[in-house]
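A short reminder: the numbers here are calculations on the coordinates, not readings from a lab. No experiment lies behind these values; they were computed from the predicted model shown. Every residue, glycine as well, gets a Cβ built from its backbone with ideal geometry; the counts of neighbours run over all protein chains shown.
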Amino acid sequence: MKIGIIREEKTPVDFRVVFSPAQCKDIKEKYSNIDIIVQSSDIRCFNDSEYTDEGITVKDDISECDILIGVKEVPIDSLIPNKKYFFFSHTYKEQEYNRDLLQAIIDKNIELHDYELMKNSDGLRVIFFGKWAGIVGAYNSIRTVGKKFRLFDLPKAIQLGRKTEVEKSLKYVDLPNLKFLLTGKGHVADGAKEILKDANIEEVSIEDYLTKEFNNPVFANIGCKDYAERIDGKEFDLKFFFDNPKKHKSSFAKFSNVTDILISGHYWDQNAPRLWELKDMESEDFKLSVIADITCDIEGSVPSTIRPTEIDSPIYGFNPLEGEIDYMQDNAIAVMAVDNLPCELAKDASEDFGEMFAKNVLPALIEGDKNGVLESSLMTKDGDLTPKFKYLTDYLARK
């Protein structure tokens, strides 16, 4: 079996990779029937020579490989027909901007496995970058606070390179008694919590967060039951919420009235209520001054997220009456909406992702898909959508 590690070609550039040089070497030593070829790249967080130093072949043409693995979407012109691909396609939620990509994958008779859909027999995701999005997103929220309030000037995470350096930089931060609100209960939130605690921001209960004042910076972590409620007034039920998102409304106002900084790390269904509407931001009770939108659903659950930002220029200002403005203006909410946050700590994120791939995906490829990991993520095969994803037929037909 020949596995090719493809070059990331999406814009903005992505520095991540599925396997580090050391991991490639370990895999080849563990599995004698696997060969790995790395496509040459001048942007990858590990350079070509680091792979060749470990005895890994690096070349530009990887068409001889059976399986091609990457991180972000592959440009249509770079897709090799009749291959098996693994990457984040961002198509299963009917994203308009990738409809042509999914159609090209079908036309080229490609088997596509999407990491975002890869789950085990218990229905749990087995491979993800969410933790690293949370780590960098929370760090960026603190960095934005420093800039917005002219308190301190932290370097970008990408300049620091490793999480250990991020942790060191936070030791010099002295935050006032601000309230941070973290949404979501998954891997993103787990990563964000690590950074908030590194910055000596105390976690408090939701009740205390809503009702008490503090002399130190604090944060609370909320889930969907805390910011959404049933329209019919009945008790919130998580399964009912997931099955019937339209039958709910937002109850977020109680948080926006006391929160200084929002870190948005929750999954959002387009049929679910948004956290608030633009008109709500015009209220004098709306207190938010910094929003770090890790989820980055454009004009989605966080209405002030009107566009994604890039690592080089991560912050813009937003005012509900004027739209985008300078974030340093007094009437502006500072919005951080970088949509490829793990890239800022690309080596750490790649090594962590590679460990998950080696543990949960490689055995399925070699020894058989006992836990349904590959089956769960297979979107296309034999020039068509697989049965589980036939619901995308109308999406593909739209022009």
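Here are the numbers for the structure shown:
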item	result
Packing-based exposure ordering (other Cβ within 10 Å, fewest first) of Ile105, Ile142, Ile263, Ile27	Ile27, Ile105, Ile142, Ile263
Counted charge near Gly146, where neighbours are those whose Cβ lies closer than 11 Å (Asp, Glu -1; Lys, Arg +1)	+2
Separation between Cα centres of the stretch 15-38 and the stretch 264-322, rounded to whole Å	40
Residues Glu50, Glu282 arranged by fewest to most Cβ contacts within 10 Å	Glu282, Glu50
Tensor-based shape of the stretch 272-399 (alpha-carbon gyration tensor, a/c under 1.5 rounded, otherwise prolate or oblate)	prolate
The stretch 240-295, relative contact order [Cα under 8 Å, separation at least 6], %	48
Beta bridges per DSSP with both ends in the chain, % antiparallel, nearest 5	30
Positive-end extreme of charge dipole, the chain - chosen from Ala292, Ala228, Gln103 (charges on Cβ)	Ala228
GNM result for the chain, Cα springs below 10 Å: residue of Lys212, Lys179, Lys168 fluctuating most strongly	Lys212
Mean Cα-pair separation over length for the chain, i.e. relative contact order, pairs under 8 Å, 6 or more apart, %	19
HN-Hα J in Hz across the stretch 271-283 - Karplus 6.51, -1.76, 1.60, θ = phi - 60°, x for Gly and Pro	8, 7, x, 6, 4, 7, 10, 4, 4, 5, 6, 7, 6
Value of relative contact order over the stretch 193-324, rounded to a whole percent, pairs C-alpha under 8 Å and six or more apart	17
Translational D in µm²/s for the stretch 8-152 (Stokes-Einstein at 4 °C, 1.567 mPa s, Kirkwood Rh from C-alpha pairs)	74
Rounded to 5, percent antiparallel among DSSP beta bridges of the stretch 130-344	35
Euclidean distance between Cα centres, the stretch 355-396 to the stretch 193-231, Å	37
Mean-position separation - Cα centroids, the stretch 57-117 and the stretch 333-347, in angstrom	24
Local electrostatic count at Lys388 - Lys and Arg +1, Asp and Glu -1, tallied over other residues with Cβ under 15 Å	-4
Size of the chain as Cα extents on the principal axes (Å, biggest first)	62, 49, 37
Environment charge at Glu94 (Cβ cut-off 10 Å; Lys +1, Arg +1, Asp -1, Glu -1)	+1
With Cα atoms, 0 to 90° folded angle of helix 346-360 axis to the chain main axis	60
Residues Glu203, Glu9, Glu322, sorted so that the one with the fewest Cβ neighbours within 10 Å comes first	Glu322, Glu203, Glu9
0 to 90° range, to nearest 10: angle between helix 187-198 axis and the chain longest Cα axis	60
Nonlocal amide H pairs with Ala292, under 5 Å, H built at 1.01 Å	Leu262, Ile263, Ser264, Met336
Inter-site label distance for Glu375 and Asn331 at 7 Å from Cα along Cβ, in nm	5.9
Helix axis angle, 21-30 relative to the chain longest principal axis, alpha carbon, degrees	50
